[in-house]
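A short write-up of the structure that comes next.
Nothing in this text is a laboratory measurement; each read-out follows from the coordinates by a stated rule. What you see is a predicted model, and the numbers here were worked out from it, not measured in a lab. Note that each Cβ is placed from the backbone with ideal geometry, even for glycine, and that neighbours are counted across all protein chains shown.
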Amino acid sequence: MAQLIDIQRVEIGPQNLTARVRVADDAPLMTSEDLQGTTRVYRLMPHIIEHTCLGDAGDTFKACMGNTELAHLLEHVTVELLAQTDMAGDITSGRTYPLEGDDRAFDVEISCKDDVLTVAALSSAAWILDWAYSGGGDPVPDIDAIVSGLKNLVASLGDEPATDYVQKVRGELQEDVKREYQEALEAREREIAAREQEIDEARRKAEETARARAEELERQRQEEQRRREEEERRRAEEERQRAEAEARAKEETARIEAERLAQEAAKRKAEEDRLFEEVAREAERRTTVMMPDEGKESPEAVQASRDLPDAAVEEWRPEEPAPKAAPAAAAAEAQPAPAEAEQGEKDAPAAEAASEPEPVASPEPAAAESEPAPVPEPEPEAQAKPEPTADAQPAQAAQPEYVAPWEDAPSEADVPLAQEDDGKSEPDAPQTDDDGSSQSDGHIPEPQRVR
């Protein structure tokens, strides 16, 4: 079995034994590196976990046995062997210190009532650890036999010196233990008091922080609520002002539109009144000229029918037939004189211009013309015919449809403009030859717009 722990030297003092030990390089330095070996030690000495161990993870060795230095475990195994001999006093203690410069070297200090007993127990503890951390093979250490051997070793040396030394060491140990216990107790009480004070201070700060946080949250909530209320009031005021502005704008627009419509209506009414007055004056000025041919209206009546309402034009009605004359005389009377025809051609444009106070769009040709009336057969006796006037039109002239000035006029594309008055005869005036015969062939020209 390999030697894991090497006891390099032993120093015996008046009360304690100090041994410098070194853990082998290939051996575990901590108990946690080989938990199976640590378990073997625990099974050999189960009461080792009940040792008081101050300054480590807990108050007992149980708290640190699974993760402590191997030299520290050596100290507790030695103390357990001394305790089982009942020859080392009521209390056996020990300490382990690491050496600077070598991580595997330690000084193990153990209370010593009998130096022989202590050295023998330390040597037996090293042998037990070598067995446990080298695989735990046979033979298994017998703790009872080891304790019995330690007792026999001390008994073989005599009782008197050992008894005196034991009593002396026991008294010193009791005093040291009491002093250390008192110091540890006072330190623990001071630590507990400091901890309680820290806890109270932390609780007070936490309460103050929580209270300040709650106050801040409440203040922020109130501020946010005030801000929302102000924002809602501002938006409501803006909506109200905008609604009022829109209402005022609508009222102003409606007022302006009403004024415009009223002005337009007044203008239309004034224009209609003016046109009606002009039409009435023109109707009063004009008279209905009766045509001799089967109830046809005269050109003046046709032109007046374009400018006047239907009620203002008197329809021609045929008169009772006059006594019949000779056909030759009737034909002679029907032929107008050349001078009279020329005078009629000259006067026709002027008469038409005077009969139209304002330009009036002509109706559609298809709508304006009507079917010509059938020519009556001549009577056996001559019939008295009125003298044809200068502005007389052929009997086949169609009566145009009346268009009032306030009604929509036809498009100007359908209305040809009248020729300029440059000395030529108007197109709607019938042309005559030298013999006085008409060249219109009975055609009535379309209504013309007078410039």
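Listed here are the residues, each with its yes/no results for (1) within 25 Å of VAL10 (Cα to Cα); (2) within 49 Å of the chain's Cα centre (by Cα).
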| residue | (1), (2) |
| --- | --- |
| ALA121 | yes, no |
| ALA126 | yes, no |
| TRP131 | yes, no |
| VAL177 | yes, no |
| GLU189 | no, no |
| ALA194 | no, no |
| ASP200 | no, no |
| ARG219 | no, yes |
| GLN222 | no, yes |
Options HIS76, HIS51, HIS47: the member that is farther than 20 Å from THR18 by Cβ and in contact (Cβ under 8 Å) with a residue 24 or more places away in the chain: HIS47
Failed criterion for ARG104 (all others in (1) part of a loop (DSSP other than H, G, I, E, B); (2) over 21 Å from GLN174 (Cα atoms) hold): (1)
Per the filter on the stretch 66-122, residues among the hydrophobic types (A, V, I, L, M, F, W, C), touching a Phe, Trp or Tyr at 6+ places or on another chain (Cβ under 7 Å) and within 21 Å of ASP34 (Cα to Cα) are ALA71, PHE106
Options THR118, THR96; residue that is surrounded by 24 or more Cβ atoms within 10 Å (Cβ to Cβ) and either assigned to a strand (DSSP E or B) or in contact (Cβ under 8 Å) with a residue 60 or more places away in the chain (or both): THR118
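Anything in the stretch 23-56 that is of a type in the set (Lys, Arg) and surrounded by fewer than 16 Cβ atoms within 10 Å (Cβ to Cβ)? List them, or say none.
Within the stretch 23-56, the first condition is being of a type in the set (Lys, Arg), and the residues that meet it are 40, 43.
Scanning the stretch 23-56 gives a single hit, ARG43.
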Out of the residues in the stretch 130-153 that are under 15 Å from PRO28 (Cα atoms) and touching a Leu at 6+ places or on another chain (Cβ under 6 Å), which is surrounded by the most Cβ atoms within 10 Å (Cβ to Cβ)? TYR133
